[in-house]
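Right, one structure below, let's go through it.
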Amino acid sequence: MLNRRNKSKLLSLDAFAKTEEDVRIRTNTGGLITIISMIIGLMLLSREWHQFNELSIVPQLVVDRDSHLKLDLNFDITFPHISCDILTMDIMDQAGDLQLDLLESGFTKTRVAVDEQGRIHDIDASVEEFKPGVLNKDEAMKQKRDTTDYCGSCYGALDQQHNNEADAKNRVCCQTCDEVHDAYLQAGWAFYDGAEIEQCEKEGYVSKIRMHIKEGCRVKGMGKLNRIGGEIHFAPGKSYQNYNPNRRTTATHFHDTSLYFKHANLNFDHIINHFSFGKGIDQGDKKVKFHNYEDEGVATMVVNPMDGRVVMPNDGTAHHMLYSYFAKIVPTRYEYYHNRAETIETTQFSATFHDRPLKGGRDEDHPTTLHARGGTPGVYFKYEMSPVKVVNREEYLKTWSSFLLGCITTIGSVLAVATVCDRIFYRAQQTILGKKAK
């Protein structure tokens, strides 16, 4: 009696009621639905397996503790209408560090020209490192060493009246074209191309400037920045600092723009072939690809928004234009699963563009906007560093338990949908056949 009572209780709890094989009805539609359900189920199960073995990048925000390290700067910019001889690059930051005339060392300048069709091509096949007055400078320096009594004139820029009374070490002399140029800048005089200055004529500086004045320049290289806000700018003419000790103010940064404004054909139209902060990532490097996908990877995630930008206005105002880019830099690290590749320290950044005429005045497109007057023509890159770093780690998002749960859910869902479809089609067939029988 006890066994029968237990059996009756279990029977009442059975949620899977069975039907006899003899009373089951099989149809062709049901067979077709079964085949389709099996195909869909296998496809979904294979997708579950694929997702289980897929590595995903999980981002995390942390405080950047590497602010003491230097930040790499990588750029490749073409200036079609500014000569390599007068193009300079300076870096200034909020800490007060100033790097002047960086293009004089560590960077390369390639002379370029624009043909009648507007195409830009290199004048020389080889890349030359620019040094002012390289044509006959060695000969001029040899003359300086051989002639111990020689004291070059500064042409009134420096006081040389007491040279006859002073010994050789204390005399004020301008032995090279660079020294004359520096003296002119200290006096606040326009240097232009150095014509009729003996030192510049002997070194070939004047002839070189005149020969290259209608050429363009492509600059390329890598520099180091402090991880604080600052400015990178390309401007015409030699840069210098002017400090007035009587006013007790900070030094003012200037450029010798005398030669630039003398030639109206010069301007700062530019093509940014590449511009990035942080370690450069090779787009074709297989080490920076995802584990399973060849068409995606870290290289495709790091986007340099200024690459390929062309700024070449055709309205005739380019000579007196100042172009500015404002970049917001976020340090970024990519960590690979189980160190299967080297950790990559790089950055991501956004950039906005602004231009204005040096004459200032009201903006043509926005009448309520007034541009500031003055400034130095050129291309300016102003950047700010974020105190937060983005750490991207490769991880397997699915565990074995979630994979098994996904498989069970997939099979159950397919069977449930197939059962509903089978009943709908079966009822529809019965209804149609019943109407035909009447």
Inset, instruction - Return the only residue of Ile432, Ile411 being among the aliphatic types (A, V, I, L, M), in a helix (DSSP H, G or I), under 30 Å from Leu42 (Cβ atoms) and out of contact with any Leu (no Cβ under 6 Å at 6 or more places or on another chain). - result: Ile411
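Regarding Leu370, is this residue of a type in the set (A, V, I, L, M) and open to solvent by 50 Å² or more (accessible area, probe 1.4 Å)?
Values: of a type in the set (A, V, I, L, M): yes; open to solvent by 50 Å² or more (accessible area, probe 1.4 Å): yes.
Yes, satisfied.
Applying the selection to segment 393-414, what residues are of a type in the set (D, E, K, R), open to solvent by 30 Å² or more (accessible area, probe 1.4 Å) and either in contact with a strand residue (DSSP E or B) (Cβ under 9 Å, 6 or more places away or on another chain) or at pLDDT 90 or above (or both)? Lay out the reasoning, then the answer.
Of all residues in segment 393-414, those of a type in the set (D, E, K, R) come to 393-395, 398.
Those left that are additionally open to solvent by 30 Å² or more (accessible area, probe 1.4 Å): 393, 395, 398.
Listed by number, the residues that qualify are Arg393, Glu395.
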Legend entry - Candidate set from segment 189-238 (those that are under 23 Å from the mean Cα position of the chain (by Cα) and of a type in the set (D, E, K, R)); member that is farthest from Gln175 (Cα to Cα): Arg227
Legend entry - Single residue of segment 318-357 satisfying the filter (of a type in the set (D, E, K, R) and at pLDDT 85 or above) that is least open to solvent (accessible area, probe 1.4 Å): Arg356
Inset, instruction - Please determine, by comparing only the residues of segment 48-79 that are over 16 Å from the mean Cα position of the chain (by Cα) and within 30 Å of Val219 (Cβ to Cβ), which one is modelled with the highest pLDDT. - result: Phe79
Inset, instruction - Hey, can you tell me all the residues within segment 378-387 that are open to solvent by 50 Å² or more (accessible area, probe 1.4 Å) and touching a Lys or Arg at 6+ places or on another chain (Cβ under 9 Å)? - result: Glu384
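In segment 365-386, which residue that is in a loop (DSSP other than H, G, I, E, B) and touching a residue at least 40 places away in the same chain (Cβ under 8 Å) is nearest to Gln51 (Cα to Cα)? Give the derivation first.
Residues of segment 365-386 that are in a loop (DSSP other than H, G, I, E, B), as a first pass: 365-369, 372-377, 386.
Right, trim to touching a residue at least 40 places away in the same chain (Cβ under 8 Å) and you get 375-377, 386.
Details: Gly375: 57, Thr376: 56, Pro377: 54, Ser386: 34 Å.
Among those residues, the one meeting the criterion is Ser386.
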Legend entry - The listed residue being more than 28 Å from Pro331 (Cα to Cα) and aromatic (Phe, Trp, Tyr), out of Phe349, Phe403, Phe381, Phe353: Phe403
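So which of Ile33, Ile25 ends up being closer than 25 Å to Val414 by Cα and at pLDDT 80 or above? Before the answer, list the steps.
On the way: Ile25 fails: at pLDDT 80 or above.
Unique residue meeting the criteria: Ile33.
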Legend entry - Single unsatisfied condition, Gly375 versus (1) on the phi > 0 side of the Ramachandran plot; (2) loosely packed, with under 11 Cβ neighbours inside 10 Å: (2)
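Across segment 141-182, what is the total count of residues that are of a type in the set (A, V, I, L, M, F, W, C), in a loop (DSSP other than H, G, I, E, B) and modelled with pLDDT under 85? So that I can check it myself, show each step before the final result.
Let us first name the residues in segment 141-182 that are of a type in the set (A, V, I, L, M, F, W, C), namely 141, 151, 154, 157-158, 166, 168, 172-174, 177, 180.
Now restrict to residues that are in a loop (DSSP other than H, G, I, E, B): 151, 154, 157-158, 166, 172-174.
Filter once more, so that each one left must be modelled with pLDDT under 85: 166.
Going through segment 141-182 one residue at a time, the tally reaches 1.
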Legend entry - Selection count, segment 333-365, where residues are at negative phi and out of contact with any helix residue (DSSP H, G or I) (no Cβ under 9 Å at 6 or more places or on another chain): 18
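Inspect all residues belonging to segment 412-425 and state whether any of them is in contact with a Lys or Arg (Cβ under 9 Å, 6 or more places away or on another chain) and not aliphatic (A, V, I, L, M). So that I can check it myself, show each step before the final result.
Initially, segment 412-425 is screened for residues in contact with a Lys or Arg (Cβ under 9 Å, 6 or more places away or on another chain), giving none.
No.
Answer yes or no: is there a residue in segment 387-400 that is in a helix (DSSP H, G or I) and of a type outside the set (Lys, Arg). Before you say what the answer is, go through the steps one by one.
First pass over segment 387-400, keeping only residues in a helix (DSSP H, G or I): 400.
Then keep just the ones that are of a type outside the set (Lys, Arg); that gives 400.
The answer is yes, given that some residue of segment 387-400 is in a helix (DSSP H, G or I) and of a type outside the set (Lys, Arg).
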Legend entry - Conditions (1) open to solvent by 80 Å² or more (accessible area, probe 1.4 Å); (2) among the charged types (D, E, K, R); (3) touching a residue at least 12 places away in the same chain (Cβ under 8 Å): number failed by Arg362: (3)
Inset, instruction - Output the strands (runs of 3 or more DSSP E) that fall wholly within segment 183-288 and possess 2 or more residues being modelled with pLDDT of 90 or more and open to solvent by less than 20 Å² (accessible area, probe 1.4 Å), or say none. - result: 216-225, 230-236, 270-277
Inset, instruction - Would you check if Val390 is open to solvent by less than 30 Å² (accessible area, probe 1.4 Å), in contact with a strand residue (DSSP E or B) (Cβ under 7 Å, 6 or more places away or on another chain) and under 24 Å from Asp256 (Cα atoms)? - result: no
Legend entry - Some residue of segment 208-220 being without any contact (Cβ under 8 Å) to a residue 60 or more places away in the chain and over 28 Å from Thr108 (Cα atoms): no
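The values are calculated or read from the model by the stated rules, or taken from the named source; none is laboratory data. Values in this document were obtained by computation on a predicted structure and should not be read as measured data. Ideal geometry is used to build each Cβ from the backbone, glycine not excepted, and the neighbour counts take in all protein chains shown. We work out accessible area using only protein heavy atoms, side chains counted, and drop any ligands, DNA or RNA first. Shrake-Rupley method; radii C 1.70, N 1.55, O 1.52, S 1.80 Å.
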